[in-house]
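Chemist: Please find one structure pasted underneath; my questions will follow.
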Amino acid sequence: SFKITDNVKKLTHIIDNILELSALKSNGKITGKEQIECNAFCKETLLNMTDSKSRRVKLIFTSNLPENKKLIANKHDLLTSIGKILTNACKFTREGYIHMHCESSIDEKNLILSISDTGPGIPTEKAEVIFDKFVKLNSFTPGTGLGLTTCRYIIDKMGGMVILDKNYKNGCKFVITLPFGDIQ
């Protein structure tokens, strides 16, 4: 009975992820943009992962942005995309830390958000493959292999980009670059 229930939950999770990506692709443009305070939003998003992480993992937030710096974006979609990276970080990092850092690009037009962890890391040659649909580097861990695909799709639609930092060697480090947008 437990095995059946567990398999139904896994199947439901897979279907939900496929439907989520499908809905995003059918909608086309990201709408419903609003002003989001970068630091407050990122701190809250990171703190929401407290129950998902190992007790031996510390959550760290740092920022070089002024406290009131705002971003124009769809809050739900931004939360979804960052959540996908944080969920993976929590899943694979057994001890050490998950560190979220915000800063401004040199020209001050873009938010640069990095999420690094002390997990097992991703081989350099897989740095792009991980963003493909249904790619899982470890078939024994739960998940659909759609999280990073969905994340990249959302960030691209927001006019930004997300990459895996190949130079980071302590685990994984994802870097998201997003335009701040015009705040009137």
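Chemist: Residue under question is THR31, and the condition is that it be under 23 Å from GLY159 (Cα atoms), modelled with pLDDT of 90 or more and of a type in the set (Val, Ile, Thr); does it hold?
Modeler: No.
Chemist: Next question, about the same structure. Which ones in segment 63-80 are outside any loop (DSSP other than H, G, I, E, B) and open to solvent by 50 Å² or more (accessible area, probe 1.4 Å)?
Modeler: If the condition is that a residue be outside any loop (DSSP other than H, G, I, E, B) and open to solvent by 50 Å² or more (accessible area, probe 1.4 Å), then LYS70, LYS75, HIS76, LEU79 are the ones that fit.
Chemist: Do we find that ILE115 is hydrophobic (A, V, I, L, M, F, W, C) and either in contact (Cβ under 8 Å) with a residue 60 or more places away in the chain or touching a strand residue (DSSP E or B) at 6+ places or on another chain (Cβ under 9 Å) (or both) in this structure?
Modeler: The answer is yes for ILE115.
Chemist: Residue by residue through segment 44-58, note down the ones that are open to solvent by 40 Å² or more (accessible area, probe 1.4 Å), under 16 Å from the mean Cα position of the chain (by Cα) and in contact (Cβ under 8 Å) with a residue 40 or more places away in the chain.
Modeler: Result: LYS53, single match.
Chemist: Please state which of the following conditions SER105 fails to meet, knowing it meets all the rest: (1) surrounded by 14 or more Cβ atoms within 10 Å (Cβ to Cβ); (2) of a type in the set (Gly, Ala, Ser); (3) at pLDDT 90 or above.
Modeler: (1) is the only condition that SER105 fails.
Chemist: Only one of LYS136, LYS166 is assigned to a loop (DSSP other than H, G, I, E, B), farther than 26 Å from GLY32 by Cα and at pLDDT below 90. Can you tell me which?
Modeler: One residue alone meets the criteria, LYS136.
The values are calculated or read from the model by the stated rules, or taken from the named source; none is laboratory data. It should be emphasised that the depicted structure is a prediction, and the values quoted were computed from it without experimental measurement. FYI the Cβ positions are ideal-geometry reconstructions off the backbone, even for glycines, and counts take in every protein chain you see. Protein only, heavy atoms only, side chains kept; ligands, DNA and RNA dropped before computing areas. Shrake-Rupley method; radii C 1.70, N 1.55, O 1.52, S 1.80 Å.
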